[in-house]
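Beneath this line is the structure, given in structure tokens, with notes to follow.
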């Protein structure tokens, strides 16, 4: 009975892991670019988010935020980073094109903006503010990939405050399904995607700001490694492969991915667990049959034997002198128990080693 229960639990855990789905709660962070309303606001701005390592693995992945500007007028604005999208060890990365000054990063404890249209005061919480000043901006030339060529740009890299990848784990076991939840890109917290301002800054953000009207927002999740494919994305991914988005309105993307190699291994393991469960049920059936048979024999009525002719004393055996019949408790075959234990142990070792190989493969593929 113990073997049957163990096999049932093992089958249930394998099935739960195979079908497990990670939490897809939104990433609690945001990135936005605002421009001073003193500028003509005719430039085209591109704001992008990309991981340093494809897929952004880890609890605090390295992310890069990029701002590119092209057009006919100087650009004066600010990059705002809030919530878990803030970068620890934030540093300027990549070359700053043109005659743009090296940006300055300020950590603001709780800046506020007044939404002029709605009259609402927006408390942004802990925010990183990066001043963007591009005195000279080149004309816009779009490349086949959709990015802006000839534009001035600035890039910033650091460790995010929370993980982008989401997993469903059961102890040391990891489900084959993954999730990606990215920061909201383009709009301020508490505002809709269509609310472009203007915003009246308070204290540290003094001045009047607005979202640039011509903006492209990009999130590049990276190309999936071999054996992985995107099962779904919200909003629909615009990249031909992998999780990637390029839209003209603010959005907060997420994606579901499946590791087909891991899924295949788990499916094979579930078949093995089903076989073990069948063997265990068979053992339990043997035990139950033996127990019921023993109970039936114990409760069987005694039968009076007919009298027979007297026999010599040395040949006569009375009921009292007969050796008692002892019914051994039925036990499952020891070979079946040994095989079941070996199979369960081998399956556990195989799964652990497969997980380690997959982790090494993922690391090398990144």
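Miscellaneous remarks
- Residues considered: 54, 25, 66. Of these, the only one that is touching a strand residue (DSSP E or B) at 6+ places or on another chain (Cβ under 8 Å), over 30 Å from residue 271 (Cβ atoms) and surrounded by 16 or more Cβ atoms within 10 Å (Cβ to Cβ) is 66.
- Residue count for the stretch 241-283, restricted to those that are within 30 Å of residue 85 (Cβ to Cβ), buried (at least 19 other Cβ atoms within 10 Å of the Cβ) and at pLDDT below 80: 4
- Search result, residues across the stretch 61-80 that are at pLDDT below 90 and either on the phi > 0 side of the Ramachandran plot or not in a strand (DSSP E or B) (or both): 71, 72, 73, 74
- Residue match in the stretch 164-175 (condition: modelled with pLDDT of 80 or more and in a strand (DSSP E or B)): yes
- Taking the stretch 176-192 as the range and being modelled with pLDDT under 90 and within 16 Å of residue 60 (Cα to Cα) as the test, the residues that pass are 179, 180.
- Residue check for residue 83: modelled with pLDDT of 90 or more and on the phi > 0 side of the Ramachandran plot: yes
- Every condition in (1) surrounded by fewer than 19 Cβ atoms within 10 Å (Cβ to Cβ); (2) modelled with pLDDT of 80 or more is met by residue 20 except one, and the failing one is (2).
- Looking only at the stretch 203-240, and only at residues there that are assigned to a strand (DSSP E or B) and in contact with a helix residue (DSSP H, G or I) (Cβ under 8 Å, 6 or more places away or on another chain), the one that is surrounded by the most Cβ atoms within 10 Å (Cβ to Cβ): 228
- Meets criteria (at negative phi and not in a loop (DSSP other than H, G, I, E, B)) for residue 200: yes
The values are calculated or read from the model by the stated rules, or taken from the named source; none is laboratory data. Since this is a predicted model, take the numbers as computed values, not measurements. Counting neighbours? That spans all protein chains shown, and the Cβs are built from the backbone with ideal geometry, glycine included.
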